[in-house]
Amino acid sequence: MNSRLKSKLEVAAIYLILAVVAVVIFYPLLWTIGMSLNQGTSLYSSSIIPDNFSLEHYQWLFSPESDYLLWYKNSLIVAFANAIGSVVLTAFVAYAFSRFKFVGRKNGLYIFLLLQMFPVMMAMVALYIFLNMIGLLDSLTGLILIYLGGQIPFNAWLVKGYFDTIPKELDEAAKIDGAGPIRIFWSVLLPLAKPILAVVALFNFMAPLFDFLLPSIVLSSEENYTLAVGLYNFINDQFANNFTRFAAGSVLIAVPIATIYLFLQRFLISGLASGGTKG
C-alpha cells in the first residue's frame, strides 16, 4: 500500500467518524426541534418533519397559564450567582494553595482530590437535612450555597494547577515594587488567569440550567422551580404528558446557552493567546 492510498484511507476514516458523531449529536436535536413544532401533545404522533407546523407550544410557554418565564428567571438567578461566586471562591482558594505555605496545605489538597471521587448522590440526604436545619430548604439561596460549595474541590485543583504555571518571578517583581499579596493577586495573577477563570464561569453557569437531581430534592414549591424541574412536570402526570411543550421549552433553553457558549469560546481563544504573550 503506497503512502497516497494510505493517506486517503486515513482521511476517509476521519470523515466517517465525524459523520457518525454528527448523526449522534444532531439527530436528537432535530427530533426535539421537530417535536416542538408538531401539533398536539403526544410523543408517538410527532414526527421529525411536522406535517403542519405550529408555534402554539411556544406561544403557550409565554402565556399567563404557564410558569415557564418564572422558572427561567429562577434558573438564571442561580446560574449567574453560581458562576460569579464560583469564580471568586475558586480564585481565592487556588491562589492560597498555589502561592502560600501553611499548616494543612498538603492534606487539604488531598482532601479536595478525595472529595472528587465520591458522587453527589451520597451527600443528598445530608444536604437536605443541613438546609432544613438552617431554614434554607426550598429556596434558591440554599440551592446556590450547595452549588458553590460543591464546585470548590474540582475547580480549585483546576485553577491551582493553572496558577502554578505562572512564573513566581512575576510575584517577586511585584513585591519589589511594593505590592502586597492582594495586589499581586489582583494585578498579576488574575489578568493572566482569565482563560481558566472563564472556563470555570462558563461551566458553573451552565450546570444549574441542566441539573435536575439537586433542584428536585431541594425545591418543593412550584414558584421556586428551576427549568429542569419545571420542564419535567410537562411530561409528568400533572401536565398529562405534554412532550411537545417539553420539547419547546428545551429548545428555548438551548438557543441562548449555545449563543453564550459560542461567544465565550471566542473570548477564551483570545484570552489564551493574550495570557501566553503576557506570561
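Values for this structure:
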{"read-out": "Single residue of segment 31-69 satisfying the filter (under 24 Å from the mean Cα position of the chain (by Cα) and either farther than 17 Å from Phe246 by Cβ or aromatic (Phe, Trp, Tyr) (or both)) that is least open to solvent (accessible area, probe 1.4 Å)", "value": "Tyr68"}
{"read-out": "Meets criteria (within 20 Å of Ile257 (Cα to Cα), surrounded by 10 or more Cβ atoms within 10 Å (Cβ to Cβ) and not polar (S, T, N, Q)) for Phe92", "value": "no"}
{"read-out": "Residue satisfying condition, being closer than 23 Å to Leu219 by Cβ and of a type outside the set (Ser, Thr, Tyr), within set Leu115, Leu148, Leu158", "value": "Leu148"}
{"read-out": "Residue selected from segment 184-201 under the condition under 17 Å from the mean Cα position of the chain (by Cα) and open to solvent by 10 Å² or more (accessible area, probe 1.4 Å), by the criterion farthest from Ser75 (Cα to Cα)", "value": "Ile196"}
{"read-out": "Leu227, sole failed condition from (1) modelled with pLDDT of 85 or more; (2) within 16 Å of Asp67 (Cα to Cα); (3) open to solvent by less than 10 Å² (accessible area, probe 1.4 Å); (4) over 17 Å from the mean Cα position of the chain (by Cα)", "value": "(4)"}
{"read-out": "Residues being small (Gly, Ala, Ser) and either part of a loop (DSSP other than H, G, I, E, B) or modelled with pLDDT under 85 (or both) - total across segment 199-219", "value": "0"}
{"read-out": "Residue list for segment 149-183, restricted to those being aliphatic (A, V, I, L, M), touching a residue at least 24 places away in the same chain (Cβ under 8 Å), assigned to a helix (DSSP H, G or I) and open to solvent by less than 30 Å² (accessible area, probe 1.4 Å)", "value": "Ala156, Val159"}
{"read-out": "Only listed residue being open to solvent by 20 Å² or more (accessible area, probe 1.4 Å), modelled with pLDDT under 75 and over 20 Å from Ala81 (Cα atoms), chosen from Phe239, Phe243, Phe263", "value": "Phe239"}
{"read-out": "Filter result (surrounded by 15 or more Cβ atoms within 10 Å (Cβ to Cβ), among the hydrophobic types (A, V, I, L, M, F, W, C) and not in a loop (DSSP other than H, G, I, E, B)) within segment 116-147", "value": "Ala123, Met124, Leu127, Phe130, Leu131, Leu140, Leu143, Ile144, Leu145, Ile146"}
{"read-out": "Every residue from segment 1-30 that is open to solvent by 70 Å² or more (accessible area, probe 1.4 Å) and either polar (S, T, N, Q) or in contact (Cβ under 8 Å) with a residue 60 or more places away in the chain (or both)", "value": "Asn2, Ser3, Leu29"}
{"read-out": "Selection from segment 101-115 of residues that are of a type in the set (D, E, K, R) and either surrounded by 10 or more Cβ atoms within 10 Å (Cβ to Cβ) or part of a helix (DSSP H, G or I) (or both)", "value": "Arg105, Lys106"}
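Condition check ((1) free of Cβ contacts under 8 Å to residues at least 40 places away in the same chain; (2) in contact with a Leu (Cβ under 9 Å, 6 or more places away or on another chain); (3) under 30 Å from Glu172 (Cβ atoms)) across all residues:
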{"position": "Asn38", "(1), (2), (3)": "no, no, no"}
{"position": "Glu56", "(1), (2), (3)": "yes, no, no"}
{"position": "Phe62", "(1), (2), (3)": "yes, yes, no"}
{"position": "Glu65", "(1), (2), (3)": "yes, no, no"}
{"position": "Asn82", "(1), (2), (3)": "no, yes, no"}
{"position": "Leu89", "(1), (2), (3)": "no, yes, yes"}
{"position": "Phe112", "(1), (2), (3)": "no, no, yes"}
{"position": "Ser139", "(1), (2), (3)": "no, yes, no"}
{"position": "Ile146", "(1), (2), (3)": "no, yes, no"}
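The values are calculated or read from the model by the stated rules, or taken from the named source; none is laboratory data. Computed from a predicted structure; not experimentally measured. Cβ coordinates were reconstructed from backbone atoms using ideal geometry, including for glycine residues, and neighbour counts include every protein chain displayed. The accessibility values were calculated without ligands, DNA or RNA, using every heavy atom of the protein model including side chains. Shrake-Rupley method; radii C 1.70, N 1.55, O 1.52, S 1.80 Å.
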